[in-house]
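Below: one structure in structure tokens.
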Amino acid sequence: MSHNVGKIAVLGGGESAEREVSLRSAAAVTKGLQQAGIDAHFFDTQQGDVLTLKQQGFSQVFIALHGRGGEDGHIQAVLEALQLPYTGSGVMACALAMDKARTKYLWRGMGLPTAESAVIHANDWRELDLAAILQRLGGKVMVKPSQEGSSVGMAQASSVSELESAVANALHYDQEVLVEQWLDGPEYTVAIVDNEALPVIEVRTPHAFYDYAAKYQDNTTEYICPAPIDESKEQALRQLAKQAFAAVGGDGWGRVDVKQDQQGQLQLLEVNMVPGMTEKSLVPMAAKQQGMSFSDLVVRILASTRPLNTPG
């Protein structure tokens, strides 16, 4: 890639519940691009007006915004209107991937494996038979706001009272809540860079599940790369991740999370269109296993910037 790519805006911060993580990601990406000789500048969308990016001389955008406003298609739509090329997937793919419930509908319709689930809506959830939902999903469930990231608002439940409490809490973050069958097996994540699946990472935590604290606040979580699995499972996970990413229209880069069920079958959890990009994040970890430095990685992601869908 020629490093004569013009002035690059690295968008970070924003307004979502993941603002602090995004600030760290954007700072690391900016530094990595600068180390490669690229004219990159950090741009906090909470402090600056993205509508002025072209006026400020920016020619491309590296999106390091996590959560709502960053990986849900909103900023992508603005950049399309501004005719500024940007990293990662387009408007439709980002909007779909941000919605865990509809992503699961799509995967299931395409025959891809994902755990059984139910969707609960804010306007009628008090009328639902939560005991029947809990029983249908095996007696223990994971409750998630449909459109949040970083495990915000998530909880486990194995009784009706716990489920009621978890749903009520999740509804503080979204109008729809995904209640998913509990998966007991190991958890894996697969980074996609330039539409290539990188080495699998196994995630191990002493927490009940891989929650926000396990991700960002303590050092008890283990990330094992390469994952301690045989080659056939490694390839199966990489292939499944590529299929899941392509199914939602993913492009460029992202990360797919997978968990194994009680029977040893792989089940898709979700796809992240703008994963964490601090130097200790999972995509850089997988890239390092493949021989890429952090700077190499961000340059490669920038090089995979999608062409704009220009009219006519």
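Enumerate the lysines that residue 280 could reach by cross-link, defined here as Cα to Cα under 22 Å, with residues fewer than 8 away along the same chain left out.
By straight Cα distance, residue 280 reaches 31, 215, 259, 288.
Still on this structure, I have one more. Considering the Cα positions of region 1-139, please state its Rg to one decimal place and its Dmax as a whole number of Å.
My reading of the Cα-based Rg and Dmax gives 19.4, 60 Å.
Using alpha carbon coordinates only, what is the Rg to Rh ratio of region 7-89, with Rh defined as the Kirkwood radius?
Details: Rg = 11.5 Å, Rh = 12.4 Å.
Looking at region 7-89, the ratio lands at 0.93.
Just how far, in whole angstrom, is region 260-312 from region 1-58 if you go by their alpha carbon centroids?
About 17 Å separates the Cα centre of region 1-58 from the one of region 260-312.
Return the tail of the calculated pair distribution for region 116-181, meaning the percent of Cα-Cα pairs more than 21 Å apart. Walk me through the numbers before you get to the answer.
On the way: 207 of 2145 pairs.
Considering region 116-181, 10 percent of its Cα-Cα pairs are separated by more than 21 Å.
Dipole of the chain, Cα-centred, from +1 at each Lys and Arg C-beta and -1 at each Asp and Glu C-beta, to the nearest 20 debye? Let's see the in-between values first.
Details: 25 positive and 37 negative charges, 131 e Å.
About 620 debye.
Oh, and also: Rg/Rh for region 184-299: what does it come to with C-alpha atoms and Rh from Kirkwood?
With Rh from the inverse mean 1/r over Cα pairs, Rg/Rh is 0.94.
So between residue 289 and residue 164, what do we pick up on full extension, going 0.36 nm a residue minus the alpha carbon distance?
Going from the current span to full extension adds 40.7 nm.
Here's another thing I want to ask about it. Relative contact order, percent, of the chain when contacts are C-alpha pairs under 8 Å separated by at least 6 residues?
Here the relative contact order equals 21 percent.
Kindly write out, for region 281-292 in residue order, the coupling ³J(HN,Hα) from the Karplus curve 6.51 cos²θ - 1.76 cosθ + 1.60 (θ = phi - 60°), rounded to whole Hz, with x marking Gly and Pro.
6, 6, 4, x, 5, 5, 5, 4, 4, 8, x, 9
Still on this structure: Quick one: if the Förster radius is 35 Å, what FRET efficiency do residue 123 and residue 56 give, using the C-beta to C-beta distance and rounding to 0.05?
0.20
Rounded to the nearest whole Å³, what is the per residue volume of the convex hull around the Cα atoms of the chain?
140 Å³
Just so you know, all these numbers are worked out from the coordinates, no wet-lab data involved. Just so it is clear, the structure is predicted and the values come from calculations on it, not from any experiment. Note that each Cβ is placed from the backbone with ideal geometry, even for glycine, and that neighbours are counted across all protein chains shown.
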